[in-house]
1. Check whether at least one residue in segment 108-115 is in a helix (DSSP H, G or I), in contact with a helix residue (DSSP H, G or I) (Cβ under 9 Å, 6 or more places away or on another chain) and under 19 Å from Asn51 (Cβ atoms), and report yes or no.
2. Only one of (1) under 18 Å from Pro124 (Cα atoms); (2) outside any helix (DSSP H, G or I) is not met by Ser41, so which one is it?
3. Among the residues of segment 88-130, write down those that are modelled with pLDDT of 95 or more and either charged (D, E, K, R) or surrounded by fewer than 11 Cβ atoms within 10 Å (Cβ to Cβ) (or both).
4. Of all residues being part of a helix (DSSP H, G or I) and hydroxyl-bearing (Ser, Thr, Tyr) in segment 44-85, which is nearest to Arg108 (Cα to Cα)? Just the residue, please.
5. Would segment 71-78 turn up any residue that is of a type in the set (Phe, Trp, Tyr), closer than 30 Å to Asp103 by Cα and modelled with pLDDT of 80 or more?
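The values are calculated or read from the model by the stated rules, or taken from the named source; none is laboratory data. All of these numbers come straight from a predicted model, not from anything done at the bench. Don't worry about glycine lacking a Cβ; one is built from the backbone with ideal geometry, like all the others, and counts go over all protein chains shown.
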Amino acid sequence: MGERHPQVRGTLKITVDKWESLADRKIREAMEAGAFDNLPSKGKPIPLDTNPYEDPSMWMAHHLLRVNGFAPAWIEESKELDLACERWHDDVRNARSPGRSLDELRRRAAELNRRILTYNLKSPASHLHKRPLVLPEAD
């Protein structure tokens, strides 16, 4: 294990260790050379207050919202939708009780589905999208 097998690609000779990726090897070599010994945050938690994917022009707005206990509007809307959908699902489970109207549940589902569609258009990534509500068929 850990044997090195030279491979030739064109005129470039590359040594490949089948158990260690190039990145892992570079990190190990840098650690052995002491490249990580004097980092400014050594021994401290990594600061996670900056998001490398955040639009730099929105950083100050997001920072102010975050430090004051708020989140971007689409996140707040997501939380509200989750609560409303949870209440709707509870009501659907209790719909077999006398006095519960399926028409009212359908109306609320249509309203929530409009809100979900609007939210899905605002959310920054498709994996954050919410699924529309579907009223179960009557038995």
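1. No, segment 108-115 contains no residue that is in a helix (DSSP H, G or I), in contact with a helix residue (DSSP H, G or I) (Cβ under 9 Å, 6 or more places away or on another chain) and under 19 Å from Asn51 (Cβ atoms).
2. (1)
3. Glu111, Arg114, Arg115, Lys130
4. Selected residue: Ser78.
5. Looking for residues that are of a type in the set (Phe, Trp, Tyr), closer than 30 Å to Asp103 by Cα and modelled with pLDDT of 80 or more, one finds at least one in segment 71-78, hence yes.
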